[in-house]
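Here's the structure, in C-alpha cells; my notes come after.
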Amino acid sequence: MRLAGKVALISGGARGMGAAEAKMFAREGAQVVIGDVLEAEGRAVEAEVAAKGGKAAFVRLDVTREADWQAAVSLAEQRFGTLNVLVNNAGISAAGRVEDTSLEAWQRVMDVNATGVFLGSKAAIPAMRRAGGGSIVNISSQLGLVGTDITSPMYPASKGAVRLLTKVTAIQYAKEGIRANSVHPGPIVTAMTEKRRADPATYQLMLSRIPLGRYGEPEEVAYAVLYLASDESAFVTGSELVIDGGWTAQ
C-alpha cells in the first residue's frame, strides 16, 4: 500500500475532493484525520472508512481558527502517534466583479482559502519535524495559474496566494525533509460546482473552456494528491500538479 504507516490530516475532508482523498488514503494504508466544519458529513466519512477496515478520526476544524488547527494536529499525534501528511483541501468559492465585491466578501474567501493554508502549514510543520519529515499538499486551482472572466476576484487571488506560499514553504523546509507541493484542479464534480452545473448556459460555457469536454471527478484529483503524499514523490517539492482537462494549456 502506498501510504502504509503514514498519518494524514485532511482539511475539508467531509465531502467532495477531501472525502475522496480521505477514503483513498485509508485504502492505501494511511491513518486519516478528517477535519471539517461539517460534522455530520465528516463523521459519516469516518464511519465509512472504519466499516471498510481503515482507521480514521473526525475533528471539527474551522481552518480560519489557529486553535482548531493546533487541536487537529494534537489529535493526530495523540491518536495515531505522528503526522506525516497534511492536505490543505478546504476552500470556498464566490462570484462577482471587482467593483461589486465587498471587503467582507473578499476577506472571507481569503481567510478560508489562503490564511487557512498558512495556519495549517504552520501547525503541521513542528509535528512533521518531530516525525523526521513530511509532505504538505496544498489544493490550489487552475485559477491560481490563470485569470478568467467567470469567477470572483478573490477566488483566483486566494488560489494564486496558495501557489506561492507552497513554493516558499518548500524552500524554507526542504533541508528538514518537509516537502510542499500544490495541486491545481480545474472544474470538478463537487458540491462547490453544483450550482453552476445545474444552469445549462453556465454548464456549457464551462465545458467550452475544457478541451477534454467534461468536468473532472474527485477521485481524479485524489490520485494526484496520493502521489504527492507518498514516498513516490520524494524528490518533488515546490512543484505544481495541474489536473484541469487542458484548461491552462490554451
(message) Out of everything in segment 167-192 that is touching a helix residue (DSSP H, G or I) at 6+ places or on another chain (Cβ under 8 Å) and assigned to a helix (DSSP H, G or I), what residue ends up being surrounded by the fewest Cβ atoms within 10 Å (Cβ to Cβ)?
(response) Ala191
(message) Out of Ala191, Ala198, I need the residue that is under 26 Å from Ala20 (Cα atoms) and in contact (Cβ under 8 Å) with a residue 24 or more places away in the chain. Which one?
(response) Ala191
(message) Being free of Cβ contacts under 8 Å to residues at least 60 places away in the same chain and surrounded by 22 or more Cβ atoms within 10 Å (Cβ to Cβ) narrows it down to one residue among Ala56, Ala44; which is it?
(response) Ala56
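Among the helices (runs of 4 or more DSSP H) contained in segment 1-119, which hold 2 or more residues that are touching a strand residue (DSSP E or B) at 6+ places or on another chain (Cβ under 6 Å), more than 21 Å from Ala180 (Cα to Cα) and aliphatic (A, V, I, L, M)? Walk me through how you get there before you give the answer.
On the way: elements: 16-27, 39-51, 66-80, 103-110.
Here the list reads 39-51.
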(request) Mind listing just one residue for me: the one in segment 83-98 that is within 22 Å of Pro218 (Cα to Cα) and at pLDDT 95 or above and, of those, nearest to the chain's Cα centre (by Cα)? (result) Asn89
(message) Only one of Leu205, Leu241, Leu226, Leu164 is surrounded by 14 or more Cβ atoms within 10 Å (Cβ to Cβ), part of a helix (DSSP H, G or I) and not hydroxyl-bearing (Ser, Thr, Tyr). Can you tell me which?
(response) Leu226
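Among the residues of segment 16-37, what is the count of those that are closer than 22 Å to Ser93 by Cβ, buried (at least 19 other Cβ atoms within 10 Å of the Cβ) and not acidic (Asp, Glu)? Explain how you work it out, then say what you get.
First pass over segment 16-37, keeping only residues closer than 22 Å to Ser93 by Cβ: 16-22, 34-37.
Keeping just the survivors that are buried (at least 19 other Cβ atoms within 10 Å of the Cβ) gives 16-22, 34-36.
Of the ones still in play, those that are also not acidic (Asp, Glu) are 16-20, 22, 34-35.
Here the count works out to 8.
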(message) So, Ala105, is that one over 30 Å from Leu3 (Cβ atoms) and either modelled with pLDDT of 95 or more or surrounded by fewer than 18 Cβ atoms within 10 Å (Cβ to Cβ) (or both) or not?
(response) yes
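The values are calculated or read from the model by the stated rules, or taken from the named source; none is laboratory data. Since we're looking at a predicted model, the values are computed, not measured. Cβ atoms come from the backbone with ideal geometry, glycine included; neighbour counts cover every protein chain shown.
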